[in-house]
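The values are calculated or read from the model by the stated rules, or taken from the named source; none is laboratory data. Small disclaimer: the values here were computed from a predicted structure and weren't measured. In this analysis, Cβ positions are derived from the backbone assuming ideal geometry, glycine residues included, and neighbour counts consider all displayed protein chains. Just so you know, the surface numbers come from the protein's heavy atoms only, side chains and all, with ligands and any DNA or RNA stripped out. Shrake-Rupley method; radii C 1.70, N 1.55, O 1.52, S 1.80 Å.
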Amino acid sequence: MIESEKVRHILYGGDYNPEQWPEESWSEDMQLLKEAGVNIVTLNVFSWASIQPDENTYDFDRLDRIMELVQENGMAVCMATGTGAHPAWMAKKYPEILRTEFGGQRRKFGGRHNSCPNSPVYRTFAKRLAEKLAGHYQDQDNIVSWHISNEFGGECYCENCERAFRQWLKERYGTLDELNRRWYTSFWGHTFYDWEEIVPPDTRSEHIDEKRTMFQGITLDYKRFLSDSMLEAFRLEYEAVKAVIPDARITTNLMGFYPGLDYQKWADHMDFVSVDSYPANEDTYADIAMAHDLMRGLKQGKPFALMEQTPSVTNWLPYNALKRPGVMRLWSHEAMAHGADTVMFFQMKRSLGGCEKHHGAFIDHVGTGQTRVYREATALGAELSALSGQTLGARTPAKIGMLFDWDNWWALTHSAGPSCELDYVQEWKRCYRALREMNYEVDIVSSRDDFSGYRILLAPVWYMVKGQDDEAVRRFVAEGGAFVTGFFSGIVQENDLAVTGGYPGKLRDVLGIWVEECDALPHDAENSFVYQGVRYPARILCDLLHTEGAVQMDDSGYETDFYRGYPVLTKHSYGKGIAYYMATSSSDDFYRKFLEDICQEAGVQPVLRTPSGVEAASRVNQNGSFIWLLNHTEEPQEVCLPWEGLDVLAGSAPVNGTITILPRDVRILLRSAGYSQRSSGFLA
């Protein structure tokens, strides 16, 4: 059977929950899934209660039976540890396992992710279950990966966390004097004289509401602490499985741009990255691609696993629209185009009760294959089977890196000013969306990554510059790179204390500017500036800057108010490279124009020029250069190819000249030979 090192095809399948259905229905379900081309199922995601009915009993009989049936049908397994929701008996016997909400209310049993990550009881039982599962299934040869818990997240403010937070702070700062200095506790008489005086920041202490805090440094550290706490809980189970099965490939499903956990730190402790993709109705194809690029960037460009998406409909949005015909296939290929080596779903079969009974599935409540969704799933399964492993391990050849940072996200979210409309992710997305809609490949990177392979590095709203991060940027520009950042950058250091000596702090020399003030514009108010003969809006924030070696680009300057004429766009030569600064937030049209000009000056080309709404993305491995063309519109679109290639999904038929892509259709074109050595897939 399939072993992880022998996976040479695209894994296709998803979550199957046999505990929710009578056993006599399992065989029919397996037959339907097999006919749909499913070759992997994720099992045991929420089975803690059924496996462990009391403190000392572990019963794997039912799981054994479904495992046997799955193997008989030739399917691989992603084995979950099942610890995403603790059993009711555990909450009754050990109430300290329950979380405390932001307002101080202790929860009762219910929901999921309701375990305090710092509860010794939770950690003991979760680790023990992982150990027993690994021991029981260590010789099961069709388990290709292990899945710890499920969608880690949420917050807790209980006594367990309070004690653990103090210990975390001791390890981080060493002494109270250092903590008081880093937190600037001389403000409002907050000096701490004993570690026991420190309490979590919530509405009982520092917070006005969930966003507004009176002490940003404390709140920022508590965000870091909670992320680290859940990472420790993940690591306990990870190490428990590894102790029994050293070569196990272990992950947990991340959630794209999720604010609660620093995924860049988490990725260091995962064997491979996996993600759940559930776009909102209003999300654009660029928004969806951005989340995939983030996941690919967590492992410096390695492929990731698409662990969950819905085959048809979600159930938690205000309006849960169906995926229109073709969209499931289109979005599955979009994930692959941006680095996914699996196409997996939640869920294989709709539950009868609970809050996910209206969430889509391969097998609907009708229980047959006579549905539109099942037919589409079967067609996609056949297509992926025919594609086989041609694209596995392929990398994205990006020459543009975009710097994303959870500390910056947290710090800006809880900043006391300057504008309630300043949103880190939304401002960051403006630049990404402009590039993606023009088909430029983008790697999303952390400040710890190696920038040397990029020609352009963007860091929108780089509010917090930590440690020696500025040195990495300085080297990048000095060696010939193009660095782009903008308003409200270089304002604070890692504890959210303001820099002195002038903004943008440690970036001042490489950017060649000094920002004296920053004006916050009310909702719907705007200034304006002209770039390349076109007037663009200046919104949200307007930096008032002076050049110190930089030059004002294209005579761009604010057109109104007392700072009329102050530069909006600057350009500074530094070493062999150039650093650009955008002093305000503007429109999508501006970002497309400005960033395309920078790309052209840096010699960076898009994957392909296509009509609006047609996405082009590329991946390269030893088999060649694969170009995905995805028509996200409802009309046929023509694309002119400047080279000859092969249409992979059409039996490698030759293509050249102008081709037509049908509405919501996908073409995969193979251009040329790729890497000389085999690229490793996500399970490597």
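Numbers at a glance
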quantity	calculated
Candidate set from the stretch 75-92 (those that are over 27 Å from the mean Cα position of the chain (by Cα) and either among the aliphatic types (A, V, I, L, M) or more than 17 Å from I51 (Cβ to Cβ) (or both)); member that is most open to solvent (accessible area, probe 1.4 Å)	K92
Qualifying residue in the stretch 337-347 (condition: open to solvent by 50 Å² or more (accessible area, probe 1.4 Å), among the small types (G, A, S), modelled with pLDDT of 95 or more and part of a helix (DSSP H, G or I))	no
Flag if G490 is more than 26 Å from A616 (Cβ to Cβ), open to solvent by less than 20 Å² (accessible area, probe 1.4 Å) and either of a type outside the set (S, T, Y) or in contact (Cβ under 8 Å) with a residue 12 or more places away in the chain (or both)	yes
Qualifying residues in the stretch 281-311 (those that are touching a helix residue (DSSP H, G or I) at 6+ places or on another chain (Cβ under 8 Å), open to solvent by 10 Å² or more (accessible area, probe 1.4 Å) and assigned to a loop (DSSP other than H, G, I, E, B)) - the one nearest to Y374 (Cα to Cα)	T284
Residue check, A583 under 25 Å from D469 (Cβ atoms) and not acidic (D, E)	yes
Of residues in the stretch 225-238 being touching a residue at least 40 places away in the same chain (Cβ under 8 Å), within 17 Å of P120 (Cβ to Cβ) and not hydrophobic (A, V, I, L, M, F, W, C), the one most open to solvent (accessible area, probe 1.4 Å)	E232
Residues within the stretch 452-468 that are at negative phi, in a loop (DSSP other than H, G, I, E, B) and crowded, with 21+ Cβ neighbours inside 10 Å, tallied	5
The stretch 143-184, residues that are crowded, with 17+ Cβ neighbours inside 10 Å, free of Cβ contacts under 8 Å to residues at least 24 places away in the same chain and either in a loop (DSSP other than H, G, I, E, B) or out of contact with any helix residue (DSSP H, G or I) (no Cβ under 6 Å at 6 or more places or on another chain) (or both)	L176
Residues (open to solvent by less than 30 Å² (accessible area, probe 1.4 Å), part of a helix (DSSP H, G or I) and free of Cβ contacts under 8 Å to residues at least 60 places away in the same chain) located in the stretch 15-64	P18, W26, M30, L63
In the stretch 644-684, residue modelled with the lowest pLDDT [restricted to those that are more than 26 Å from the chain's Cα centre (by Cα) and basic (K, R)]	R678
The lone exception for V604 - which of (1) without any contact (Cβ under 8 Å) to a residue 24 or more places away in the chain; (2) in a loop (DSSP other than H, G, I, E, B) it fails	(1)
The one condition in (1) open to solvent by 20 Å² or more (accessible area, probe 1.4 Å); (2) in a helix (DSSP H, G or I); (3) in contact (Cβ under 8 Å) with a residue 12 or more places away in the chain; (4) within 16 Å of H136 (Cβ to Cβ) that V70 fails to fulfil	(1)
So E196, is it touching a Phe, Trp or Tyr at 6+ places or on another chain (Cβ under 7 Å), open to solvent by 20 Å² or more (accessible area, probe 1.4 Å) and in contact (Cβ under 8 Å) with a residue 12 or more places away in the chain	no
Condition met for E471 (surrounded by fewer than 23 Cβ atoms within 10 Å (Cβ to Cβ), outside any loop (DSSP other than H, G, I, E, B) and free of Cβ contacts under 8 Å to residues at least 12 places away in the same chain)	yes
Residues (open to solvent by less than 10 Å² (accessible area, probe 1.4 Å) and not hydroxyl-bearing (S, T, Y)) located in the stretch 314-334	M328, L330, H333, E334
Members of the stretch 650-670 found to be surrounded by fewer than 16 Cβ atoms within 10 Å (Cβ to Cβ) and touching a strand residue (DSSP E or B) at 6+ places or on another chain (Cβ under 9 Å), listed by number	A650, S652, A653, P654, N656, G657, T658, T660, L662
Hey, G360 open to solvent by less than 10 Å² (accessible area, probe 1.4 Å), at positive phi and either touching a Phe, Trp or Tyr at 6+ places or on another chain (Cβ under 9 Å) or among the small types (G, A, S) (or both) or not	no
Hits in the stretch 95-106 - residues which are free of Cβ contacts under 8 Å to residues at least 60 places away in the same chain and surrounded by fewer than 18 Cβ atoms within 10 Å (Cβ to Cβ)	P95, E101, Q105, R106
Scan of the stretch 108-124 for residues that are surrounded by fewer than 18 Cβ atoms within 10 Å (Cβ to Cβ) and either on the phi < 0 side of the Ramachandran plot or part of a helix (DSSP H, G or I) (or both), ordered by number	K108, F109, R112, P120, T124
The lone exception for F257 - which of (1) open to solvent by 40 Å² or more (accessible area, probe 1.4 Å); (2) among the hydrophobic types (A, V, I, L, M, F, W, C); (3) more than 26 Å from the chain's Cα centre (by Cα) it fails	(3)
Of the criteria (1) more than 20 Å from the chain's Cα centre (by Cα); (2) under 30 Å from E308 (Cα atoms), which one I218 fails	(2)
Matching residues, the stretch 506-546, being within 17 Å of A579 (Cα to Cα) and either open to solvent by less than 20 Å² (accessible area, probe 1.4 Å) or touching a Pro at 6+ places or on another chain (Cβ under 7 Å) (or both)	L507, V510, L511, G512, I513, V515, D543, L545
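For (1) buried (at least 21 other Cβ atoms within 10 Å of the Cβ); (2) farther than 30 Å from R324 by Cα, each residue gets a yes or a no:
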site	(1), (2)
S573	no, yes
F594	yes, yes
G624	yes, yes
I627	yes, no
